[in-house]
Amino acid sequence: MSIVTIERKVLEKNDAIAAENRALFESHHLFVINLVSSPGAGKTRLLERTLERLKDRVALGVIEGDVQTDLDARRVARYGAPVVQIVTNGACHLDAGMVRDAAAKMDLDTLDGLIIENVGNLVCPAAYDLGEATKVVLLSTTEGEDKPLKYPAMFRNASVLVITKMDLAPYLHADIEQLKRHALWINPDLQIFETSCESGDGLPAWCDWLVRKTAVAHA
(Lines give C-alpha, C1' and ligand atoms only; values in the text may rest on other atoms or scores of the structure.)
Protein backbone atom coordinates (compact mmCIF):
# COMPACT_ATOMS: atom_id res chain seq x y z
CA MET A 1 0.00 0.00 0.00
CA SER A 2 2.84 2.43 0.80
CA ILE A 3 4.41 1.79 -2.62
CA VAL A 4 1.11 2.59 -4.35
CA THR A 5 0.75 5.77 -2.29
CA ILE A 6 4.24 6.97 -3.13
CA GLU A 7 3.76 6.27 -6.83
CA ARG A 8 0.46 8.17 -6.81
CA LYS A 9 2.11 11.18 -5.17
CA VAL A 10 4.95 11.13 -7.69
CA LEU A 11 2.52 11.04 -10.62
CA GLU A 12 0.31 13.73 -9.08
CA LYS A 13 3.31 16.06 -8.74
CA ASN A 14 4.38 15.25 -12.30
CA ASP A 15 0.89 15.92 -13.64
CA ALA A 16 0.77 19.30 -11.91
CA ILE A 17 4.05 20.34 -13.56
CA ALA A 18 2.86 18.89 -16.89
CA ALA A 19 -0.22 21.12 -16.70
CA GLU A 20 2.06 24.13 -16.20
CA ASN A 21 4.17 23.03 -19.18
CA ARG A 22 1.08 22.65 -21.33
CA ALA A 23 -0.14 26.12 -20.42
CA LEU A 24 3.30 27.53 -21.23
CA PHE A 25 3.44 25.81 -24.60
CA GLU A 26 -0.09 26.88 -25.48
CA SER A 27 0.71 30.48 -24.54
CA HIS A 28 3.49 30.36 -27.15
CA HIS A 29 1.20 28.62 -29.69
CA LEU A 30 3.52 25.62 -29.90
CA PHE A 31 2.58 22.17 -31.10
CA VAL A 32 4.50 19.78 -28.86
CA ILE A 33 5.18 16.10 -29.56
CA ASN A 34 6.39 13.49 -27.08
CA LEU A 35 8.23 11.00 -29.29
CA VAL A 36 8.42 7.56 -27.68
CA SER A 37 9.60 4.07 -28.66
CA SER A 38 11.79 1.19 -27.62
CA PRO A 39 15.57 1.64 -28.13
CA GLY A 40 16.61 1.42 -31.77
CA ALA A 41 13.19 1.97 -33.32
CA GLY A 42 14.49 5.01 -35.18
CA LYS A 43 13.36 8.09 -33.24
CA THR A 44 16.50 10.11 -33.87
CA ARG A 45 16.70 9.08 -37.52
CA LEU A 46 13.08 10.09 -38.09
CA LEU A 47 13.80 13.37 -36.32
CA GLU A 48 16.78 14.02 -38.59
CA ARG A 49 14.80 13.38 -41.75
CA THR A 50 11.90 15.48 -40.45
CA LEU A 51 14.12 18.46 -39.67
CA GLU A 52 15.82 18.10 -43.03
CA ARG A 53 12.52 18.20 -44.91
CA LEU A 54 10.84 20.94 -42.86
CA LYS A 55 13.73 23.36 -42.27
CA ASP A 56 12.21 25.96 -44.62
CA ARG A 57 8.59 25.36 -43.60
CA VAL A 58 8.42 24.99 -39.82
CA ALA A 59 10.68 26.18 -37.01
CA LEU A 60 11.13 23.15 -34.75
CA GLY A 61 13.00 22.90 -31.48
CA VAL A 62 14.13 19.63 -29.93
CA ILE A 63 14.52 18.37 -26.38
CA GLU A 64 16.65 15.22 -26.36
CA GLY A 65 16.35 12.67 -23.56
CA ASP A 66 18.98 10.00 -23.02
CA VAL A 67 20.21 7.90 -20.13
CA GLN A 68 23.77 8.94 -21.00
CA THR A 69 25.67 10.97 -23.64
CA ASP A 70 24.68 13.85 -25.90
CA LEU A 71 25.25 11.88 -29.11
CA ASP A 72 21.67 12.27 -30.38
CA ALA A 73 21.59 15.98 -29.57
CA ARG A 74 24.73 16.47 -31.63
CA ARG A 75 23.19 14.56 -34.52
CA VAL A 76 20.06 16.70 -34.45
CA ALA A 77 21.95 19.99 -34.07
CA ARG A 78 23.55 19.46 -37.47
CA TYR A 79 20.19 20.34 -39.04
CA GLY A 80 20.12 23.80 -37.47
CA ALA A 81 17.40 23.16 -34.89
CA PRO A 82 17.84 24.51 -31.36
CA VAL A 83 18.46 21.50 -29.11
CA VAL A 84 18.59 21.01 -25.35
CA GLN A 85 19.93 17.72 -24.00
CA ILE A 86 18.56 16.01 -20.89
CA VAL A 87 20.77 13.27 -19.44
CA THR A 88 18.73 11.23 -16.97
CA ASN A 89 21.73 9.40 -15.43
CA GLY A 90 19.90 6.09 -15.30
CA ALA A 91 16.25 7.12 -15.18
CA CYS A 92 14.21 5.22 -17.75
CA HIS A 93 11.96 8.13 -18.76
CA LEU A 94 11.68 11.90 -18.86
CA ASP A 95 9.39 13.64 -16.43
CA ALA A 96 7.60 16.97 -16.60
CA GLY A 97 10.10 18.70 -14.34
CA MET A 98 12.98 17.78 -16.64
CA VAL A 99 11.08 19.15 -19.62
CA ARG A 100 10.19 22.36 -17.75
CA ASP A 101 13.86 22.99 -16.99
CA ALA A 102 14.93 22.21 -20.56
CA ALA A 103 12.24 24.43 -22.09
CA ALA A 104 13.44 27.32 -19.91
CA LYS A 105 16.70 27.22 -21.88
CA MET A 106 14.94 27.72 -25.22
CA ASP A 107 13.54 30.83 -26.92
CA LEU A 108 10.03 29.47 -27.41
CA ASP A 109 8.88 32.62 -29.23
CA THR A 110 11.07 31.67 -32.20
CA LEU A 111 9.50 28.21 -32.59
CA ASP A 112 6.43 26.77 -34.27
CA GLY A 113 6.75 23.38 -32.65
CA LEU A 114 8.75 21.34 -30.17
CA ILE A 115 9.66 17.66 -30.38
CA ILE A 116 10.65 15.87 -27.18
CA GLU A 117 12.59 12.70 -27.90
CA ASN A 118 11.99 10.53 -24.85
CA VAL A 119 14.25 7.82 -23.46
CA GLY A 120 13.96 4.55 -25.40
CA ASN A 121 11.42 2.57 -23.39
CA LEU A 122 7.88 1.34 -24.08
CA VAL A 123 6.93 1.07 -20.38
CA CYS A 124 7.75 4.00 -18.08
CA PRO A 125 7.20 6.93 -20.49
CA ALA A 126 3.60 5.82 -20.99
CA ALA A 127 2.72 6.94 -17.45
CA TYR A 128 4.39 10.37 -17.51
CA ASP A 129 2.64 13.36 -19.03
CA LEU A 130 5.22 15.94 -20.09
CA GLY A 131 2.77 18.65 -21.12
CA GLU A 132 2.78 17.60 -24.77
CA ALA A 133 -0.11 18.03 -27.17
CA THR A 134 0.40 14.59 -28.70
CA LYS A 135 2.25 11.40 -27.88
CA VAL A 136 3.70 9.73 -31.01
CA VAL A 137 4.87 6.13 -30.66
CA LEU A 138 7.32 4.56 -33.10
CA LEU A 139 7.44 0.84 -33.80
CA SER A 140 9.94 -0.64 -36.24
CA THR A 141 9.29 -3.59 -38.51
CA THR A 142 12.14 -5.39 -36.74
CA GLU A 143 10.27 -5.53 -33.41
CA GLY A 144 7.42 -7.87 -34.29
CA GLU A 145 3.67 -7.54 -34.62
CA ASP A 146 2.89 -8.26 -30.97
CA LYS A 147 4.37 -5.16 -29.34
CA PRO A 148 1.05 -3.26 -29.08
CA LEU A 149 -0.39 -6.23 -27.18
CA LYS A 150 2.63 -6.50 -24.87
CA TYR A 151 2.82 -2.76 -24.13
CA PRO A 152 -0.82 -1.63 -24.36
CA ALA A 153 -0.52 1.47 -22.14
CA MET A 154 1.90 3.14 -24.53
CA PHE A 155 -0.29 2.54 -27.57
CA ARG A 156 -3.45 3.45 -25.66
CA ASN A 157 -1.98 6.79 -24.60
CA ALA A 158 -0.59 7.69 -28.03
CA SER A 159 -2.46 9.48 -30.79
CA VAL A 160 -0.12 8.52 -33.63
CA LEU A 161 1.78 5.36 -34.54
CA VAL A 162 4.73 5.67 -36.92
CA ILE A 163 5.86 2.31 -38.29
CA THR A 164 9.53 2.68 -39.16
CA LYS A 165 12.05 0.76 -41.29
CA MET A 166 9.43 -0.30 -43.83
CA ASP A 167 12.25 -0.95 -46.31
CA LEU A 168 13.24 -3.96 -44.17
CA ALA A 169 9.77 -5.49 -44.00
CA PRO A 170 10.18 -7.79 -47.07
CA TYR A 171 13.32 -9.34 -45.54
CA LEU A 172 11.77 -9.91 -42.12
CA HIS A 173 8.50 -11.48 -43.24
CA ALA A 174 6.87 -8.77 -41.11
CA ASP A 175 3.08 -8.84 -41.14
CA ILE A 176 2.36 -5.13 -41.20
CA GLU A 177 -1.39 -5.58 -41.45
CA GLN A 178 -1.35 -7.75 -38.33
CA LEU A 179 0.74 -5.15 -36.53
CA LYS A 180 -1.79 -2.46 -37.42
CA ARG A 181 -4.71 -4.65 -36.38
CA HIS A 182 -3.11 -5.20 -32.97
CA ALA A 183 -2.42 -1.48 -32.56
CA LEU A 184 -5.94 -0.48 -33.57
CA TRP A 185 -7.44 -3.12 -31.29
CA ILE A 186 -5.68 -1.37 -28.39
CA ASN A 187 -6.48 2.12 -29.67
CA PRO A 188 -8.97 2.42 -32.55
CA ASP A 189 -8.24 6.15 -32.88
CA LEU A 190 -4.56 5.79 -33.72
CA GLN A 191 -3.42 7.57 -36.85
CA ILE A 192 -0.82 5.40 -38.57
CA PHE A 193 2.08 6.32 -40.85
CA GLU A 194 4.27 3.72 -42.57
CA THR A 195 7.74 5.16 -43.15
CA SER A 196 11.25 4.42 -44.31
CA CYS A 197 13.97 6.93 -43.54
CA GLU A 198 16.21 5.23 -46.12
CA SER A 199 13.87 5.29 -49.12
CA GLY A 200 11.84 8.28 -47.95
CA ASP A 201 8.56 6.43 -48.33
CA GLY A 202 5.85 7.78 -46.05
CA LEU A 203 7.87 10.79 -44.91
CA PRO A 204 5.90 13.36 -46.96
CA ALA A 205 2.63 12.27 -45.33
CA TRP A 206 4.20 12.38 -41.87
CA CYS A 207 5.74 15.80 -42.47
CA ASP A 208 2.53 17.22 -43.96
CA TRP A 209 0.66 16.06 -40.86
CA LEU A 210 3.19 17.86 -38.66
CA VAL A 211 2.91 21.05 -40.70
CA ARG A 212 -0.89 20.99 -40.40
CA LYS A 213 -0.72 20.47 -36.65
CA THR A 214 1.69 23.37 -36.13
CA ALA A 215 -0.54 25.58 -38.28
CA VAL A 216 -3.57 24.73 -36.12
CA ALA A 217 -1.62 25.56 -32.97
CA HIS A 218 -0.82 28.98 -34.40
CA ALA A 219 -4.38 29.72 -35.52
Single residue of segment 29-39 satisfying the filter (in a loop (DSSP other than H, G, I, E, B) and touching a strand residue (DSSP E or B) at 6+ places or on another chain (Cβ under 9 Å)) that is surrounded by the fewest Cβ atoms within 10 Å (Cβ to Cβ): Ser38
Residues of segment 74-114 satisfying the condition of being more than 18 Å from Pro125 (Cβ to Cβ), among the hydrophobic types (A, V, I, L, M, F, W, C) and either in contact with a Gly (Cβ under 7 Å, 6 or more places away or on another chain) or modelled with pLDDT under 95 (or both): Val76, Ala77, Ala81, Met106, Leu111
Exclusive hit being among the small types (Gly, Ala, Ser), farther than 21 Å from Lys55 by Cβ and out of contact with any strand residue (DSSP E or B) (no Cβ under 7 Å at 6 or more places or on another chain), set Ala169, Ala133, Ala158: Ala169
Conditions (1) of a type outside the set (D, E, K, R); (2) under 21 Å from Glu26 (Cα atoms); (3) assigned to a loop (DSSP other than H, G, I, E, B); number of the one not met by Leu210: (3)
Residue that is assigned to a helix (DSSP H, G or I) and either hydrophobic (A, V, I, L, M, F, W, C) or under 15 Å from the mean Cα position of the chain (by Cα) (or both), where the choices are Ala73, Ala91, Ala81: Ala73
Residue check, Glu198 at pLDDT 95 or above, among the acidic types (Asp, Glu), assigned to a loop (DSSP other than H, G, I, E, B) and in contact with a strand residue (DSSP E or B) (Cβ under 8 Å, 6 or more places away or on another chain): no
Asp70 vs. criteria over 25 Å from Phe193 (Cα atoms), among the acidic types (Asp, Glu) and modelled with pLDDT of 90 or more: no
Residues being part of a loop (DSSP other than H, G, I, E, B), among the hydrophobic types (A, V, I, L, M, F, W, C) and modelled with pLDDT of 95 or more - total across segment 115-147: 2
Criterion (modelled with pLDDT under 95, more than 25 Å from Leu94 (Cα to Cα) and assigned to a helix (DSSP H, G or I)) met by exactly one of Ala205, Ala169, Ala217, Ala174: Ala169
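The values are calculated or read from the model by the stated rules, or taken from the named source; none is laboratory data. What you are looking at is a predicted structure, and each value in this text was computed from that prediction instead of being measured. All Cβ positions, glycine included, derive from the backbone under ideal geometry; neighbour counts span all protein chains shown.
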